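Q: Quick one: the structure is below, and I'll ask about it shortly.
The values are calculated or read from the model by the stated rules, or taken from the named source; none is laboratory data. Model, not experiment: these values are computed from the prediction. All Cβ positions, even for glycine, are placed from backbone atoms using ideal geometry, and neighbour counts span all protein chains on display.
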Amino acid sequence: MLPPRVPAGRIPAVSRPLLPPSSHGLRHQFRPFTHRSRLLLLSSPLGRPQVPFLSPLASSRPLPPLSIHLRQHFARLISTERRDYYKRRLSRGLRIGLTFYAILVLFQVIKLGVYQEEIEHQWPTPSEWSWKSRWCLRSAQALQNPEQIGKLMTNWPMVAGYLRELLERLENPEGEGKGIKEQAEGGILVEGVGKTGFDITAKSEPWRRGYHQALMGAAKAAENLEGWLTDRKQRISAPAEYVVGPSNPRPKPMPAGQKQVPREEDSEPASPSPEVFYMKILTTKGFDTRQKLDAALAYADWLDYKGLQETARDMYAWAMDIAAAGSPVDASKVVNTKTGVLKNDAQALPQSAHRPIHLHFGAQSSPFPPPSTA
């Protein structure tokens, strides 16, 4: 029989206490994990990663510009997937916006084309002119008839601008005025008026008719813009009492909705005198009797409106001479050329000759003074 075994522990008794190994008197230097030493740079990487934005910047390293820093910062905040999503949304929105804008522009172009076609039917222009000249003439004529285009009043500065550009084109011998001639070498200059009219007999009848319409419209615009100034820098026109300058230190306030104020140093007359355009018609060679008569009567009416009765009377007499010279019959048998009164025996004239006599003389019979009884 075996003797009983003495119970023994699984781990033998430790003969000395469990202590960490001695460092032989050297104290261990603890390093913060955000500090990069040369040991870290030369040795193998540790378990903890060295995150760049947790490491302090060296004093010798310059700071990046704020724009670059913000761009880098926001680039870290937006993921690649979200960045691609925003790019797709932005490109899609841009395509939709450009498509809508193109449709809107196309609609405005179609609307403008329809409007120009409508006013072309109402006020035809010479087909031999360029599209720009035809555009200027029909637009100016439409603006002079605001009730027919849905407007309340005529924009005379715009009318004057259209016709000024048109006349420059028509009176350019190297452009649309090819074939017109000056009636004298260098042109005939009249004091206060400028150059007289051209010789346009070589041009076609539609061209001459359109040129006459442009001159008459420019004269009408000049009558309505008398006393107006145009600020060429701001491209606005206003009566002289609204213009700021040394001659008008206390101008009237501009109408409601008009924020710009014209300045005298940048301004010039909005249009030449009406006399310039009327005299150009009367001295142009190539206009017929009716066209010159219309200009003479309109000029005389304007002079009478300005209170220049003597000058207006002379112009009415000039209109009488123009009508008499263009009459197919003896004018003295139809009207008294001194008083402008139609004679009773004018009924005996042929109807074909009677109608133009009424057109020429009926309008100006009243402006003449009564015959002297002395």
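Q: Looking only at region 112-135, filter to residues that are touching a residue at least 60 places away in the same chain (Cβ under 8 Å) and touching a Phe, Trp or Tyr at 6+ places or on another chain (Cβ under 9 Å); which one of those is farthest from ASP231 (Cα to Cα)?
A: GLU128
Q: Next question, about the same structure. Within region 98-131, how many residues are small (Gly, Ala, Ser) and not in a helix (DSSP H, G or I)? It would help to see each step written out before you state the result.
A: Residues of region 98-131 that are small (Gly, Ala, Ser), as a first pass: 102, 113, 127, 130.
Among the residues that remain, those that are also not in a helix (DSSP H, G or I) are: 127, 130.
Matching residues across region 98-131 total 2.
Q: Here is a further query. Count, please, the residues in region 186-211 that happen to be modelled with pLDDT under 90, surrounded by fewer than 20 Cβ atoms within 10 Å (Cβ to Cβ) and either closer than 21 Å to TYR162 by Cβ or basic (Lys, Arg) (or both).
A: Of the residues in region 186-211, 2 are modelled with pLDDT under 90, surrounded by fewer than 20 Cβ atoms within 10 Å (Cβ to Cβ) and either closer than 21 Å to TYR162 by Cβ or basic (Lys, Arg) (or both).
Q: Let me ask something else about it. Which ones in region 138-185 are touching a residue at least 40 places away in the same chain (Cβ under 8 Å), more than 19 Å from ALA238 (Cβ to Cβ) and charged (D, E, K, R)?
A: GLU176
Q: Which one is modelled with the lowest pLDDT among residues in region 213-236 that are touching a Pro at 6+ places or on another chain (Cβ under 7 Å) and acidic (Asp, Glu)?
A: For region 213-236, the residue satisfying everything is ASP231.
Q: Any residue in region 193-204 that is within 11 Å of GLY177 (Cα to Cα) and of a type in the set (Ser, Thr, Tyr) sitting within a Cβ distance under 7 Å of a residue that is surrounded by 15 or more Cβ atoms within 10 Å (Cβ to Cβ) and modelled with pLDDT under 80? List the pairs, counting only those 6 or more apart or interchain.
A: none
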